[in-house]
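> Got a structure for you, questions after.
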Amino acid sequence: AASGQLHVRNEHANLQYRINGILLPDGVSGFSDVLETGFINSLSLVTGALPAEYGLHTSGLVDITTRSGAQEPGGTISFYGGSRGTFTPSIEYGGSTGAVDYFFTGRYVMNEEGIENPTASWDAIHDHTDQEKGFGYISALLDNSTRLSWISGVSVQNFQIPNTPGLTPKYSVPGVPGFDSALLNETQFEQNYYDVIALQRKIENGDYQIAYFSRYSELHFNPDENGDLVFNGIASDVQRRSFLNGVQADGSYRLNAYNTIRTGFTVSAEQTKAISNSSAILAPAPPPPGESTAQGGYFDETSKLGWLIGVYAQDEIRLTDKLTLNVGLRFDQMYEYVDANQWSPRVNLEYRPFAGTTLHAGYARYFTPPPQVASGPTNVALFDGTVAASSCPAGGCGLVQPERSHYFDAGITQTIFPGLDVGVDAYYKLARDLLDDGQFGAALVLDAFNYEKAVNKGIEVSTKYNWGNFSAYGNVAIGQQKGKNIISNQFLIGADDLAYIADHYIFTDHSQTITASAGFSYMWDGTRLSVDMIYGSGLRTDTGIPNGGTVPAYTQVNLGISHEFDNLFATPTTVRFDVVNVFDEIYEIRDGQGIGVFAPQYGPRRGFFVGVSQKF
């Protein structure tokens, strides 16, 4: 998806990430990729009715296992670059010493399209980015059954905000006779740091893990004060910070041949701060011809120490050799801007009637707290008398609530013949206080709000095929998410849209009816050829009805070829060549219209990239 956001089953960023089984806590939502991918050994996406051990974000679980220095000793240095000023050097190194296993990786990224281009042009205007990312992992066996691990990561990123030329000024500012929108100079800085210390121990018939995790995130948007006033009527210097610490414990015990008990808890404390220092044009505006518009300064700050507590217990029951039942119950409590809790039962059934066939069905009650840093109260009255003024409905603007939902999922995976697997999965979700996020101003930060009622449903078909050195895949997802009646942070939404949504279900802005992907890979004599394709029927846009239409459908095809040379140096050398958007299809991801959509975003134009990596 656009701006670094992942949408799974039409949900907006409702994902949890786990590294070696340990929850990676939320940070400040911007548009950066926090994780350095070079440390990943394996990654899987788990969806459906999740067992009781998984709480908080539940549209999907991104389960990551780190690479091991003991299994992959040595290092690799790589250089990758190409179109639009892309230059990406990286280094990784791993090894082991006695009972200690370690792995480190670092990467620098520079290009001239750090954020999606708001125009269809080949090159974006004012879109440079510099990014540094790193990851470290050390694991030590204290004895034959006990392991102590440390995981650490860092991401520091600078972005220019891309410009759209030819915009018409809306307001006049003293001393600014005119302004070319191509010369706007907005920037954004983001940084994230996370650390995890985990103790894992095997016991007779079971195991347990206890971990401490910490994360610091910061985002700072710097406006072009004169330019933002001229085009938007408001210029806001926005800062958001989050510092979170927590403890997670999980354990499993095989009670007998038929029952495996799992239980655990998480406790986390998060200190957040949101600061907005703004200038705004005073109403009425625009002024009479030849006169300048007055402006004022406005400062708003909110901070909060919030707590999240979760506890669960579940029993995996082996009813027969072919039938397994998993039943569980979890309890979640939040103390944030809103205090709330919920008991959440879970039940899943898996049936393997014969080899190559697996059927599953499940139900889960979910409780999803909002991102604290994006859900704090705003002093709406601060901008009364300016062009940025907004109002709350009778009774006031509501605080952002936790989402509560009933989730149903069922599916089948089938081996058609050796090498070919096909899966079909269907889901249905009924939600109250559905959480959504949007960008409601020039600052590329997300603000949360709730739909009082929502329905999310869909079906997915997946195929994968492996035959010797040839592999292929194909996936199609059909779904939709609709919500009704916005009940929190209503000041973010226009009065006409609020009135319509109060009585009508509308598509959420990130709901895409059809999404598909396909590709293949073939290895021959050290050379690998790969082709992949993505298709989307289009995200939402306004048609007089909020989110009532879609942007045009699109297809993007990518090509890659690589070869490993064994004899150039003492260790293998890999050279690769990639083409992104082979047919140079011009398509919009968003057109700048819709609830919580501020600016257009286009997919990447054709790009050519070359990489070299050398092992040592």
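> Which of Gly136, Asn111, His126 sits farthest toward the positive end of the charge dipole of the stretch 90-137, with +1 on the Cβ of Lys and Arg and -1 on the Cβ of Asp and Glu?
Gly136
> Further question: Roughly how compact is the stretch 119-273, stated as its Cα Rg over 2.2 N^0.38 Å to two decimals? Before the final figure, lay out the partial values.
Details: Rg = 25.0 Å, N = 155, 2.2 N^0.38 = 15.0 Å.
Rg over 2.2 N^0.38 Å, computed on Cα atoms: 1.67.
> Can you tell me how much longer the chain between Ala495 and Tyr253 gets when fully stretched, taken as 0.36 nm per residue apart minus their C-alpha distance, in nm with one decimal? Can you show the working numbers first?
Numbers: separation 242, 0.36 × 242 = 87.12 nm, distance 5.54 nm.
Gain in length upon complete extension: 81.6 nm.
> At q = 0.13, 0.21 Å⁻¹, what log₁₀ I(q)/I(0) does a Debye calculation on the Cα points of the stretch 66-165 give, no solvent, two decimals?
-0.60, -0.99
> Need one number: nm distance between label points at Asn245 and Phe417, each 7 Å from Cα along Cα→Cβ, rounded to one decimal.
6.1 nm
> Set the Förster distance to 22 Å, then compute FRET efficiency between Tyr212 and Asp143 from the Cβ-Cβ distance, nearest 0.05. Could the numbers behind the result be given before it?
Values: r = 21 Å, r/R0 = 0.94.
Efficiency computed from Cβ-Cβ geometry: 0.60.
> For the stretch 410-479, what is one quarter of the convex hull surface built on the Cα atoms, given in nm²? Numbers along the way, then the final one.
Details: hull surface 30.3 nm².
That works out to 7.6 nm².
> A further question on this structure: What are the residues whose amide H is under 5 Å from the amide H of Glu336, where those residues sit 5 or more places off or on another chain and H is modelled from the backbone?
Hits under the 5 Å cutoff: Trp307.
> Go through the stretch 262-362 and name the GluC sites (Glu not before Pro) that are in a DSSP coil and have 12 or fewer other Cβ atoms within 10 Å of their Cβ.
Numbers: sites: Glu270, Glu291, Glu301, Glu316, Glu336, Glu350; in loops: Glu291, Glu336.
Within the stretch 262-362, the qualifying GluC sites (Glu not before Pro) (loop, at most 12 other Cβ atoms within 10 Å) are Glu291.
> Further, regarding this structure: Can you show me the helix-derived [θ] at 222 nm for the chain, built from DSSP H runs with n ≥ 4 at -39,500 (n - 2.57) apiece and divided by the number of residues, rounded to the nearest 500. Display every interim value, and only then the final one.
Working: 2 runs with 17 residues, N = 616.
For the chain, the value works out to -1000 deg cm²/dmol.
> Taking all protein chains together and a probe of 1.4 Å, list Arg576, Arg606, Arg67, Arg9 from the most accessible to the least accessible. List each step's numbers first, then the result.
Numbers: Arg576 110, Arg606 65, Arg67 40, Arg9 20 Å².
Output order, biggest surface exposure first: Arg576, Arg606, Arg67, Arg9.
> Charges only on Cβ, +1 for Lys and Arg, -1 for Asp and Glu: so what's the dipole of the stretch 395-438 about the Cα centre, in debye to the nearest 20? Provide the component values of the computation, followed by the final result.
Working: 3 positive and 7 negative charges, 34 e Å.
That gives a dipole near 160 debye.
> Using +1 on the beta carbon of Lys and Arg, -1 on that of Asp and Glu, and nothing else charged, what's the dipole of the chain about the Cα centre, debye to 20?
Numbers: 38 positive and 65 negative charges, 348 e Å.
Using only the charged Cβ atoms, the result is roughly 1680 debye.
> Suppose a student asked you for the relative contact order of the stretch 449-573, using Cα pairs under 8 Å spaced at least 6 residues apart; what percent would you report? Write down the numbers at each step before the final one.
Values: 268 pairs, mean separation 25.4, N = 125.
Computed over the stretch 449-573, the figure is 20 percent.
> For Ile317 and His406 in the same chain, what is the full-extension length gain: residue separation times 0.36 nm, less their Cα-Cα distance, in nm? Don't skip to the end; give the middle numbers.
Numbers: separation 89, 0.36 × 89 = 32.04 nm, distance 2.29 nm.
Full extension from Ile317 to His406 adds 29.8 nm.
> Test of understanding: what is the full-extension gain from Ile534 to Ile561, defined as 0.36 nm times their sequence separation minus their Cα-Cα distance? Please list the in-between numbers first.
Working: separation 27, 0.36 × 27 = 9.72 nm, distance 1.83 nm.
Going from the current span to full extension adds 7.9 nm.
> To the nearest 0.05, what FRET efficiency results for Leu568 and Glu72 with a Förster distance of 22 Å applied to their C-beta separation? Display every interim value, and only then the final one.
Working: r = 20 Å, r/R0 = 0.93.
The pair Leu568/Glu72 has a calculated efficiency of 0.60.
> Highest first, please rank the peptides 77-84, 469-476 by the mean number of other Cβ atoms sitting within 10 Å of their residues. Before the final figure, lay out the partial values.
Details: 77-84: 16.9, 469-476: 15.0.
By packing density, highest mean first, the sequence is 77-84, 469-476.
> In addition: What number comes out for accessible area per residue over the stretch 112-207 if the probe is 1.4 Å? Units Å², please. Mind showing how you got there, number by number?
Numbers: 4530 Å² over 96 residues.
It amounts to 47 Å² per residue over the stretch 112-207.
> May I ask you to list the GluC sites (Glu not before Pro) in the stretch 160-247 that are in a DSSP loop and have at most 11 other Cβ atoms within 10 Å of their Cβ?
Working: sites: Glu186, Glu190, Glu204, Glu218, Glu225; in loops: Glu186, Glu204.
Here the sparse-neighbourhood loop sites are Glu204.
> Taking the Cβ-Cβ separation of Ile478 and Arg352 as r and a Förster radius of 25 Å, what is the calculated FRET efficiency to the nearest 0.05?
Working: r = 27 Å, r/R0 = 1.07.
Efficiency for this residue pair is about 0.40.
> Let me ask another. Rounded to a whole number, what % of the accessible area of the chain do carbon and sulfur atoms account for, probe 1.4 Å?
59 percent
> Another question, if that's okay. Just grab the label-to-label distance for Phe583 and Leu167, each label 7 Å out from Cα along the Cβ direction, in nm (one decimal).
If labels sit at Phe583 and Leu167, their model points lie 3.3 nm apart.
> Which three semi-axes in whole Å describe the equivalent ellipsoid of the stretch 8-103, each the square root of 5 times a Cα gyration tensor eigenvalue, listed largest first?
Details: eigenvalues 162, 94, 22 Å².
Equivalent ellipsoid semi-axes, largest first: 28, 22, 10 Å.
> A follow-up question, please. Once the other residues with Cβ under 13 Å from the Cβ of Glu53 are scored (Lys, Arg +1; Asp, Glu -1), what is the net sum?
Numbers: positive: Arg18, Arg262, Arg330, Arg346; negative: Asp63, Asp250, Asp315, Glu316, Asp332.
Charge balance near Glu53 sits at -1.
> Show me, for the stretch 208-225, the HN-Hα J-couplings you get by feeding each phi into the Karplus relation (A = 6.51, B = -1.76, C = 1.60, θ = phi - 60°), rounded to Hz, glycine and proline as x.
8, 9, 10, 9, 9, 10, 9, 8, 10, 10, 8, 9, 9, 9, 9, x, 8, 4
> Using all alpha carbons of the chain, what is the percent of pairwise distances in each 10 Å bin, ordered from the shortest bin to the longest?
Calculated P(r), rounded to whole percents: 3, 14, 24, 28, 20, 8, 3, 1, 0.
> Here's something else I'd like to know. Below 17 Å Cα-Cα, how many Lys pairs turn up in the chain? Only count pairs eight or more apart in sequence, or on different chains, if you could.
For the chain, the number of qualifying lysine pairs is 9.
> Mind checking Rg over Rh on the stretch 217-334, alpha carbons, Kirkwood formula for Rh? Mind dumping the intermediate values first?
Values: Rg = 26.8 Å, Rh = 19.3 Å.
Expressed as Rg/Rh, it is 1.39.
> Something else: When only alpha-carbon atoms count, how far does the stretch 313-380 stretch along each of its three principal axes, as whole angstroms with the largest first?
For the stretch 313-380, the Cα spread along each principal axis is 61, 22, 13 Å.
The values are calculated or read from the model by the stated rules, or taken from the named source; none is laboratory data. Being a predicted model, the structure only gives us computed values, none of them experimental. So basically every Cβ, Gly included, is an ideal-geometry build from the backbone, and we count neighbours across all protein chains shown. Accessible surface areas use protein heavy atoms only, side chains included; no ligands, DNA or RNA. Shrake-Rupley method; radii C 1.70, N 1.55, O 1.52, S 1.80 Å.
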